[in-house]
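S.K.: My structure is below; once you've seen it, I'll send some questions.
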Amino acid sequence: MRPFRYARATSPSEAVALTAGDPAAAFIAGGTELLNLMRDGVSALDLLVDVNGVAARDVSAIPGGLRIGAMARMTDVARDATVRQRMPLLAEALLAGASGQVRNMASIGGNLLQRTRCWYFRDAAMPCNTRDPGSGCPAIDGENRWHAILGGSQACIKVHPSDLAVALTALDATVRTHGPNGERQIPIGELYRLPGDTPHLETTLARGELIVAVDVPTTALAARSGYRKVRDRASFEFALTSVAVALDLRDRVVADVRIALGGVAPVPWRARAAEDLLRGQPLTQPAIERAGEAAVRGAEPRQHNAFKVELARRTVISVLARLGDLT
C-alpha cells in the first residue's frame, strides 16, 4: 500500500473542504471497503479524511419516517427495534450483508458507496472501464457469472454490490448530503448512474460530497416488507440475485407495491413493470407469476449468467408469496 496522509474532520464543511478539490482524497469511516481497494492497488489515494465525527451514528424519528445517520453501523441499524418493527425489509437486508465483524464496523454511508465486486475491476492488472476509462470490459466476453443481465452496456456489465441500497430503493428512501454547494436531498433512485458510455461515473455525487443521513418513510408499504438474497454460500457472499419488496395489501388487493432487485444490474434495479401489473389487482398466485416474468423482461444474459433470469424471476415470486401469505 502506498503511503498516505490522514486527517480527522470535525464538521461536514471541513470534511468537504479537505476533499472537494483533491482527486487523490477520500472520506473514510469504517474502512472495510476503502482500505481493501488501496491495499489491492485499485485506488491510489494520498489523503484519507476521517468522517466518523461529522454525522450521526443513530436512528432517530422524523415526521413521517426515520432518519439514519450516515455513520451508524450496519449492526446497530439492523438491531434497532423501530427499524425491525416498521420496516423489516431494512433489517433483513442489513443482516444479509457481509459478516458480523464487518457489519459491526461498516457505516451506512460507506455501504451505499461501496464499489463493484467485479473481479476485473478488483484486479489492478486487468483492463476495466470503471477503473480505467477506455481500457475495455473483459467481462463482456470473459467470465461473467456474477455480472449484469439488466441495465448493462457494451462498456460495462458490473453489478452493484449493496444489499442496503436495494432495500432503500424499495422503501423510497432519500439520501441527505453535504457538498461543495451546500446541502441537498437525493431520492435513492437518482443516486446511482447506469454505466452507458461512462461507467467510471457511478453516482450523481459531486467530488467531495458527503452522505450525512438517509431518510426512510414509515409507510404501510414499509410495514409489510421483506428481502431475500440468493448466493453461493450462506454468509459473507454477494448476491447472485436479491429481491426487496414493500407491499401495501388491503383486503387482498395490492394498493401499492415496490419491487427492487440486486445482483442483476449496475444499480439497484426497480422492477416498475412488475409493480404496474400488481397495483390495484388481487394478490393471487397467477398475479405474482406474471409479476415475476415482468421483473426480468428485457434481460440480456451473457454466456455464464443466463441462469440469473430464472433465478431472479423465482425470487420475486418467492418474496411476494411470503409477504402475501400465499406460501
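S.K.: Just give me the residues in region 268-306 being over 18 Å from R250 (Cα atoms), basic (K, R) and either at pLDDT below 95 or part of a loop (DSSP other than H, G, I, E, B) (or both), in sequence order.
M.R.: Matches in region 268-306: R297, R302.
S.K.: Of all the residues that make up region 163-181, how many are in a loop (DSSP other than H, G, I, E, B) and surrounded by 24 or more Cβ atoms within 10 Å (Cβ to Cβ)?
M.R.: Number satisfying all stated conditions: 2.
S.K.: Working only within region 218-237, note down all residues that are under 19 Å from E310 (Cβ atoms) and assigned to a loop (DSSP other than H, G, I, E, B).
M.R.: R231, D232
S.K.: Enumerate the pairs (first residue in region 157-172 and farther than 25 Å from P138 by Cα; second residue anywhere and β-branched (V, I, T) and in a helix (DSSP H, G or I)) with beta-carbon separation below 9 Å, excluding pairs fewer than 6 apart on the same chain, so at least 6 apart or on different chains.
M.R.: Between residues of region 157-172 that are farther than 25 Å from P138 by Cα and residues that are β-branched (V, I, T) and in a helix (DSSP H, G or I), the close pairs are L164/V77; L164/I108; A165/I188; L168/I188; T169/I188; L171/I188; D172/I188.
S.K.: Right, another one. Considering (1) surrounded by 13 or more Cβ atoms within 10 Å (Cβ to Cβ); (2) on the phi > 0 side of the Ramachandran plot, say which one G64 fails and leave the rest.
M.R.: Of everything listed in (1) surrounded by 13 or more Cβ atoms within 10 Å (Cβ to Cβ); (2) on the phi > 0 side of the Ramachandran plot, G64 misses just condition (1).
S.K.: Looking only at region 188-227, how many residues end up being closer than 22 Å to L326 by Cα and under 14 Å from the mean Cα position of the chain (by Cα)?
M.R.: Number satisfying all stated conditions: 1.
S.K.: Which residues, taken from region 188-246, are surrounded by fewer than 19 Cβ atoms within 10 Å (Cβ to Cβ) and of a type in the set (F, W, Y)?
M.R.: Once the filter is applied, which keeps residues that are surrounded by fewer than 19 Cβ atoms within 10 Å (Cβ to Cβ) and of a type in the set (F, W, Y), region 188-246 yields only F236.
S.K.: Quick one: count up the residues across region 114-130 that are crowded, with 22+ Cβ neighbours inside 10 Å, in contact (Cβ under 8 Å) with a residue 60 or more places away in the chain and either among the β-branched types (V, I, T) or not in a helix (DSSP H, G or I) (or both).
M.R.: Result for region 114-130: 3.
S.K.: Test N111 against the stated conditions and say whether it is loosely packed, with under 15 Cβ neighbours inside 10 Å, among the polar types (S, T, N, Q) and within 19 Å of the chain's Cα centre (by Cα).
M.R.: no
S.K.: Continuing with the same structure: I'm trying to understand the selection: among the residues of region 26-61, which are more than 19 Å from D215 (Cα to Cα), of a type in the set (D, E, K, R) and surrounded by fewer than 19 Cβ atoms within 10 Å (Cβ to Cβ)?
M.R.: Passing the criteria: R39, D40, D46, D50.
S.K.: For a quick check of your reading: which helices (runs of 4 or more DSSP H) sit entirely within region 1-99 and have at least 2 residues that are under 29 Å from V230 (Cα atoms) and in contact (Cβ under 8 Å) with a residue 24 or more places away in the chain?
M.R.: The helices (runs of 4 or more DSSP H) meeting that bar are 34-39, 74-79, 81-86, 88-96.
S.K.: Next question, about the same structure. Checking the condition in a loop (DSSP other than H, G, I, E, B) and closer than 23 Å to P161 by Cβ, which residue from V309, V243, V264 passes?
M.R.: Only one candidate qualifies: V264.
The values are calculated or read from the model by the stated rules, or taken from the named source; none is laboratory data. From a predicted model like this one, the values you see are computed outputs, not experimental measurements. Cβ coordinates were reconstructed from backbone atoms using ideal geometry, including for glycine residues, and neighbour counts include every protein chain displayed.
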